[in-house]
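Structure, as structure tokens:
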Amino acid sequence: MDLSARSCIPYNTLYNIIHEGREISNRDAAGLAKAFDSSVEFWINLEAQYRASLPLHAFHPLKGVRYIV
């Protein structure tokens, strides 16, 4: 059985999380917890740690714009 079926997360959502950097939502975290026999909190914390490790400009709507510091 594939991850999409085990987690009840649509394939395109999983693709976007893995390849496009889409955030893991609470619903996604619940599905991943089910699929990997882990906790929702694990996936939420993992997402938060990942986002915190990204540079601030990764969230700016004008990516590629240079900042004057």
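The values are calculated or read from the model by the stated rules, or taken from the named source; none is laboratory data. Only a predicted model underlies this, so the values are computations on that prediction, with no experimental measurement involved. As a convention, Cβ positions derive from the backbone with ideal geometry for all residues, glycine included, and neighbour counts pool all protein chains shown. Each accessible area value is taken on the protein alone, full model and side chains, heavy atoms only, with ligands, DNA and RNA left out. Shrake-Rupley method; radii C 1.70, N 1.55, O 1.52, S 1.80 Å.
At a Förster radius of 30 Å, what calculated FRET efficiency corresponds to the Cβ-Cβ distance of Asp37 and Tyr11, to the nearest 0.05? List each step's numbers first, then the result.
Details: r = 21 Å, r/R0 = 0.70.
Plugging the Cβ-Cβ distance into 1/(1 + (r/R0)^6) gives 0.90.
How much accessible surface area, in Å² rounded to 10, belongs to the heavy atoms of Asp28 with a 1.4 Å probe?
In the full protein context, Asp28 sits at about 10 Å².
By how many nm would the segment from Met1 to Arg51 grow when fully extended, if each residue of separation counts as 0.36 nm and the alpha-carbon distance is taken off? If you can, show how the numbers build up before the last one.
Working: separation 50, 0.36 × 50 = 18.00 nm, distance 2.97 nm.
Here the segment from Met1 to Arg51 would lengthen by 15.0 nm.
Arrange the residues Arg27, Arg6, Arg51 by how much accessible surface each exposes, largest first, with a 1.4 angstrom probe.
Details: Arg27 200, Arg6 90, Arg51 45 Å².
Per-residue accessible area, sorted high to low, gives Arg27, Arg6, Arg51.
Quick one: grab the alpha carbon gyration tensor of the stretch 1-61, order the square roots of its eigenvalues as a ≥ b ≥ c, and give me rounded if a/c is under 1.5, else prolate or oblate depending on whether a/b is larger than b/c. Write down the numbers at each step before the final one.
Numbers: a/c = 3.00, a/b = 1.57, b/c = 1.91.
Because a/c hits 1.5 or more and a/b fails to exceed b/c, the stretch 1-61 counts as oblate.
Read phi for every residue in the stretch 31-36 and hand back ³J(HN,Hα) as whole Hz from Karplus 6.51 cos²θ - 1.76 cosθ + 1.60, θ = phi - 60°, with x for Gly and Pro.
x, 5, 4, 5, 5, 10
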